[in-house]
Structures are given as structure tokens and as C-alpha cells.
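The values are calculated or read from the model by the stated rules, or taken from the named source; none is laboratory data. For clarity, every value in this text was computed on a predicted model and none was experimentally measured. Protein only, heavy atoms only, side chains kept; ligands, DNA and RNA dropped before computing areas. Shrake-Rupley method; radii C 1.70, N 1.55, O 1.52, S 1.80 Å.
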Amino acid sequence: MKKRIIISIIFALAVQPMFGNYAFYKKVRNTCDTYRIKVVDKNMHIDGDTFTIELESMRNNFEMVMLVGFAAAGQAIIHQKELANSKSNFHPVLPAQVEVIVNVPVGRENTLISGLASSSMVEKLAIGSLEASEFMRQIKDSIKSL
């Protein structure tokens, strides 16, 4: 009997982080779907304090795709905080920074363009207190071609 309780506790503790990642990824995916941007779970990673997402764009709209990726991550962070407030034993997934990598088809080879922003900036972008143009100005030094 004691062994079953211990196994149940270990299982419950192991499932909690997986649910947090699932809820985070689902919110990102739903937000991207709203803007008709396809995202695959294998292209999203949370490593330590950084959430990374890789998205595909057309030749001329990589800036919009990048902004949607950041806004989607911001929506997911906000959602995680709301879940943490409503559930007492929920451990939210709150990355400190977000990296968006956009795969842009150019010629025979594709070009990867990445940008990095803090979680507070992407939250402000997601709720609309930071305009897209101002957001892009603030992260312009982090944008690079890979």
C-alpha cells in the first residue's frame, strides 16, 4: 500500500511539467493558427530559461511571421500565469526569454533569421501595450541571419 502511494506521488510530480509544456505549446499553436501560420510541436523547445520556436514564412512576410511567433509566446506566458493563479499546485512554464527563428525561402537555399526578446517584452506585445514597430526597434540588435 505504501509503495503504491509513493509511485502515485512520483507519477503526479512527473506529469505536472509535461502538462505545463503541453498547455504552453497548445496556446502557441492556437495563436499561430489564428494567423494561418503552421507550427509543429517538434519545432518548439523550452531549454532552461529560453523558449525557441521555428516557423516557416513566404519570401516577403518573414517580419510578420516573426512578430506572430513572439506574440504567440507572449500569449502562452500570460496563459501560464493565469493557470498558476487559478490552480494551487500548478507549476507554470515561464521562460525568461523567447527566440523566434524564421525559415525564409530565398533562391535554392533557405535563410534562417532569428530574433531574441525578453518574456516581459513579448507579454507587452501580446496584450497590445507595446506596438509592433516599437517592439521590432527594441529587438533589432538581436536579429541575425543564421
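In whole angstrom, how far apart do the alpha carbon centroids of the stretch 78-146 and the stretch 18-56 sit?
Cα centroid of the stretch 78-146 versus Cα centroid of the stretch 18-56: 11 Å apart.
Most mobile of A72, A84, A126 per a Gaussian network model of the chain (Cα springs, under 10 Å)?
In this elastic network of the chain, the residue with the biggest mean-square fluctuation among A72, A84, A126 is A84.
Roughly how many Å² is the accessible area per residue of the chain, as a whole number, for a 1.4 Å probe?
Numbers: 9080 Å² over 146 residues.
Per residue, the chain has 62 Å² of solvent-accessible surface.
Mean-square fluctuation check for the chain, GNM, Cα pairs under 10 Å: which of F90, F51, F62 is largest?
Highest fluctuation of the listed residues: F90.
Roughly to the nearest percent, how much of the accessible area of the stretch 11-146 is carbon and sulfur, given a 1.4 Å probe? Spell out each step's value before the answer.
On the way: 4190 of 7870 Å².
So the carbon and sulfur contribution to the accessible surface is 53 percent.
With no solvent and one point per C-alpha, what does the Debye sum give as log10 I(q)/I(0) for the chain at q = 0.09, 0.11, 0.12, 0.17 Å⁻¹?
These q points yield log10 I(q)/I(0) values of -0.31, -0.45, -0.52, -0.91.
Once you have the Cα-Cα distance between R108 and S120, take 0.36 nm times their residue separation minus that, and quote the gain in nm to one decimal.
Gain in length upon complete extension: 0.6 nm.
Could you tell me what a quarter of the Cα convex hull surface of the stretch 37-122 works out to, in nm² with one decimal place? Walk me through the intermediate numbers first.
On the way: hull surface 24.0 nm².
If you wrap the Cα atoms of the stretch 37-122 in a convex hull and average its projections, you get 6.0 nm².
I need two numbers for the stretch 90-131: Rg to one decimal and Dmax as a whole number, Cα atoms only, in Å.
Final numbers for Rg and Dmax: 14.4, 47 Å.
Just the projected area, averaged over all directions, of the convex hull on the alpha carbon atoms of the stretch 39-89: how many nm²? Please list the in-between numbers first.
Numbers: hull surface 17.5 nm².
Averaged projected area of the stretch 39-89's Cα convex hull equals 4.4 nm².
Looking at the stretch 12-146, how many pairs of lysines come closer than 15 Å at the Cα, when each pair is eight or more places apart or spans two chains? Don't jump to the answer; show the numbers that get you there.
Working: K26/K38; K26/K42; K26/K81; K27/K38; K27/K42; K27/K81; K81/K124.
So the count of such lysine pairs works out to 7.
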